[in-house]
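Enquirer: Here it is, the structure, as structure tokens.
Each reported figure results from applying straightforward, stated rules to the coordinates on display, with no laboratory input. Because the structure is predicted, anything quoted here is derived from the model rather than measured. Cβ sites come from the backbone with ideal geometry, for glycine too, and all protein chains shown count toward neighbours.
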Amino acid sequence: MTIEERLENMERELGRLKRRNRWVLGAILLIAGGLIVPGFIMTTAYRVLAQSGGTAKEIRARSIVIEDENGKTRVWLSVRKDGPLLALYDENGKQRGVLAVNKDGPLLVLNDEKGKDRALLVASKDSTGLVLSDENGKTRIGLTTSEDGPGLSLSDENGETRAFLMASKDGPRLTLYDENGNRRIGLIALKDGPGLSLYDENGKLRAALGALKDGPGLSLYDENGNSRASLVALKGGADLVLFGPDRKLIWSAIK
């Protein structure tokens, strides 16, 4: 396999891992979205205990509500169809934290004073994820772990991913994106060696530089993604190849 082919394979693998990381973060947000705790009615068991003013060695109920001195709900413990859930509220009745366990695993949600989700932590069977959002509800930081390795995503104020870092089994990878979500720079350090890729505003690969075991190589591409120039420095010499727009060889030099 040539150096150019290896660089192209690296870029395809990087794109696959980035898409997987987006899927994991999306699943975290989807799971958390179902845990916005609505208003509720106190159970019979709780009302009986509150009215009696006594204590009991064992309380059996599907929901338990704890109020403050002003009658505002501060704690709600419930067992729903999906699993147990603990919700905490502030003095203004805003939800500030939720701890739940469902079929996918445990989930922790932290809310700000407006009740908006600011931090989500999920531990599922296949991966673990942490999502941090700003005051506008836009995801700004996403951290995931999966069988491919840990991944870190950084997003701008519009929620667009601008940087993605992953430490896979084959080696670390860093990708930078523009404000439109198009990949512009890719940096990888795999077992065969490091590689650098540059993309245009349409996300098309325009230049790829690699320093692999066989030697360093540089490839240049046109706006259609066709290879136009390739320079490879191998142990036995160097190769320079130029291609026309139809990908036909127009000039080559071997030394």
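Enquirer: List every residue whose amide H lies under 5 Å from the amide H of Arg96, counting only residues 5 or more places away in sequence or on a different chain, with H placed 1.01 Å from N in the peptide plane.
Expert: For Arg96, the qualifying residues are Leu88, Tyr89, Asp90.
Enquirer: Now, a different point. Taking θ = phi - 60°, what integer Hz values does the Karplus form 6.51 cos²θ - 1.76 cosθ + 1.60 yield along region 173-189, in sequence order, with x for Gly and Pro?
Expert: 3J(HN,Hα) across region 173-189, in whole Hz: 9, 10, 10, 10, 10, 8, 5, 9, x, 8, 5, 10, 9, x, 10, 9, 9.
Enquirer: Now for a different question. Write out the GluC sites (Glu not before Pro) in region 133-238 meeting two conditions: DSSP loop, and at most 14 other Cβ atoms within 10 Å of their Cβ.
Expert: On the way: sites: Glu135, Glu147, Glu157, Glu160, Glu179, Glu201, Glu223; in loops: Glu135, Glu147, Glu157, Glu160, Glu179, Glu201, Glu223.
Loop-located and lightly packed - Glu135, Glu147, Glu157, Glu179, Glu201, Glu223.
Enquirer: Another question, if that's okay. Hey, what do the phi angles of region 95-106 turn into as Karplus ³J(HN,Hα) couplings, whole Hz, using 6.51/-1.76/1.60 and θ = phi - 60°, x for Gly and Pro?
Expert: Coupling constants for region 95-106: 5, 10, x, 9, 10, 9, 10, 10, 5, 7, x, x Hz.
Enquirer: Using Cα pairs closer than 8 Å and at least 6 residues apart in sequence, work out the relative contact order for region 106-255, in percent.
Expert: 8
Enquirer: To continue, here is another question. Whole-Hz Karplus ³J(HN,Hα) for region 125-130, in order, using 6.51 cos²θ - 1.76 cosθ + 1.60 and θ = phi - 60°, x for Gly and Pro?
Expert: Those phi angles translate into 5, 9, 7, 10, x, 10 Hz.
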